[in-house]
Amino acid sequence: MKESVFTYAAPALKFGPGASAEVGHDLASYGARRVLLVTDAGVMATGHPTRIAEQVWQHGIETVIFDRARVEPTDESLEEAIGFARDAESTGRRLDAVVAIGGGSSIDTAKAVNLLLTNPGELMDYVNAPVGKARAPVVPLLPLVAIPTTTGTGSESTTICVLDVLALKVKTGISHAALRPRLAIVDPTLTLTQPKMVTAAAGMDILCHALESYTARWYADFEAKQPEQRVPYCGANPIADLWAEKAMSLLAGAFRTAVRRGKHPAAREQMAMAATFAGLGFGNAGVHIPHANAYPIAGRVRDYRPKGYPDEPIVPHGMAVALTAPAAFRFTFDAAPERHLRAARILDPDARGEGPELLASVVTALMRDVGIPNGLAEVGYGLADVDDLVAGATQQQRLLATAPKTPTEEDLAQVFVASMEHW
């Protein structure tokens, strides 16, 4: 028996220039008197968190700031943040809410802190299987307000927290509806300080969120579930499709401009809206092969150091997702040709063709134009790494389950091989 039900959920949303100045009012409406603000050192240096903390204080709310969220969180960095939050409560003065200001890394850190501040156990109890125990929270979480300063991850809309488990050299996550923020405040003016490469990588993450949710397995093609079996990623569905299509149309008009002219207000606003819309779509439909492949690409990095990021080995998440996207969409094309072709023509109305190369070529052109590396080889991988990358991708069964066609290990290997160079 096939599924006949799809689900949809989203946080409350406040969008527009200056929206971040209203967070004190929003926190007060939750009855908050003392909140934890989670950010990272780079965002802290912009002055945004300090300004927001002062505005929150004007509503009589104390703010405790943790500014050491790690770009691309690890189990160790999350444990540090969780320990800080627990220490902040050790005086007997409890925290009433959590505010995240930054990119997906800060928001994901805040999600993990919120989970472990309110629920028993350790971090690995909640990490997705087979890496962790995939335990579900049993105690309601605190209100979480997410204020993104980058345009890409969509973490302000989703139920996902992503992390690297250092000892295992694997990137994985925690996924549960309870992690979804209560409120997303999207203020495009906060993204004007986003470096060029961060804009490019984050923009590719938006693109792949939209494309993967749009091409995901249709919700009614799954076997029927019992109510208790429902998961946040339910497959492509009519509501998620609307968000994905709109996100793609916004990207088509704004992405290249936002990278080339970072202070362009209209382009920044359209990119912020595209990120929000894509998050509202994939946060329910799901993502698939490019995101599954991204986990080992980022988790096994050697010495690639992109401009605009901390000076340490890192393949940023959006970049890691993009690197195998063209080859992945060639592979999935025959599962839903009409969707792949429509997506290509939304992104590039002048695109011509009918086969599996069309969407792949549109994505490749975008990657080249915004400065994404030309394939896996440019970030330090070679053919000798393919088996290891495949092993890492196959661990992401939560993501691969929503692929429109199920890839074998050989299929994934072919995708990685084809992604060594794109042009």
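The condition (being modelled with pLDDT of 95 or more, buried (at least 22 other Cβ atoms within 10 Å of the Cβ) and within 18 Å of the chain's Cα centre (by Cα)) is satisfied by just one residue among A327, A322, A344, A258: A322.
Among the listed residues G16, G31, G83, which satisfies the condition of being among the small types (G, A, S), more than 16 Å from A146 (Cβ to Cβ) and in contact (Cβ under 8 Å) with a residue 12 or more places away in the chain? Break it down stepwise before answering.
Numbers: G16 fails: more than 16 Å from A146 (Cβ to Cβ); G83 fails: in contact (Cβ under 8 Å) with a residue 12 or more places away in the chain.
After applying the criteria, what remains is G31.
When V23, V35, V98 are checked against the criterion of being at negative phi and under 21 Å from the mean Cα position of the chain (by Cα), a single residue qualifies: V98. Within the range 324-349, the residues that satisfy the criterion of being in a loop (DSSP other than H, G, I, E, B) and either in contact with a strand residue (DSSP E or B) (Cβ under 8 Å, 6 or more places away or on another chain) or not β-branched (V, I, T) (or both) are A336, D348, P349. Would you mind stating whether L280 is within 19 Å of the chain's Cα centre (by Cα), within 29 Å of L183 (Cβ to Cβ), in a helix (DSSP H, G or I) and modelled with pLDDT of 95 or more? Spelling it out, it is not the case that L280 is within 19 Å of the chain's Cα centre (by Cα), within 29 Å of L183 (Cβ to Cβ), in a helix (DSSP H, G or I) and modelled with pLDDT of 95 or more. Taken over the range 181-207, the criterion of being of a type outside the set (A, V, I, L, M) and closer than 20 Å to V71 by Cα is satisfied by P181, T191, T193, Q194, P195, K196, T199, G203, D205.
Residues that are closer than 19 Å to E269 by Cα and charged (D, E, K, R) within the range 1-31 comprise K14, E22, listed in sequence order. Counting only residues that are in contact with a Leu (Cβ under 9 Å, 6 or more places away or on another chain) and free of Cβ contacts under 8 Å to residues at least 40 places away in the same chain, the range 342-354 holds 6 of them.
Checking each residue in the range 214-230 for being without any contact (Cβ under 8 Å) to a residue 12 or more places away in the chain and either part of a helix (DSSP H, G or I) or charged (D, E, K, R) (or both) picks out P227, E228, Q229.
Yes/no per residue for (1) in a loop (DSSP other than H, G, I, E, B); (2) over 18 Å from P326 (Cα atoms); (3) assigned by TED's automatic domain parsing to the domain that holds K307:
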| site | (1), (2), (3) |
| --- | --- |
| V198 | no, yes, yes |
| D205 | no, no, yes |
| E212 | no, no, yes |
| P232 | yes, yes, yes |
| W243 | no, yes, yes |
| S249 | no, yes, yes |
| G253 | no, yes, yes |
| T257 | no, yes, yes |
| G262 | yes, yes, yes |
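Of the strands (runs of 3 or more DSSP E) lying entirely inside the range 4-115, those carrying at least 1 residues that are surrounded by fewer than 18 Cβ atoms within 10 Å (Cβ to Cβ) and among the acidic types (D, E) are 62-66. Within the range 362-377, the set of residues being surrounded by fewer than 20 Cβ atoms within 10 Å (Cβ to Cβ) and without any contact (Cβ under 8 Å) to a residue 40 or more places away in the chain comprises A365 only. Find the residue count for the range 303-323, including only residues that are in contact with a helix residue (DSSP H, G or I) (Cβ under 9 Å, 6 or more places away or on another chain) and not in a helix (DSSP H, G or I). Total meeting the criteria: 9. On the basis of being more than 20 Å from F277 (Cβ to Cβ), outside the structural domain of V43 (by TED's automatic domain parsing) and among the aliphatic types (A, V, I, L, M), does V165 make the cut? When the stated conditions are applied, V165 does not pass them. Of all residues assigned to the range 136-155, none qualifies as being in a helix (DSSP H, G or I) and buried (at least 24 other Cβ atoms within 10 Å of the Cβ).
Take the conditions in a strand (DSSP E or B), of a type outside the set (D, E), farther than 26 Å from R260 by Cβ and at pLDDT 90 or above and apply them to A178. Does it pass? Criteria not met by A178.
The values are calculated or read from the model by the stated rules, or taken from the named source; none is laboratory data. Just so we're clear, the structure is a prediction, and the values are computed from it rather than from any experiment. Methodologically, a virtual Cβ is constructed for each residue, glycine included, from the backbone with ideal geometry; neighbour enumeration extends over all protein chains shown.
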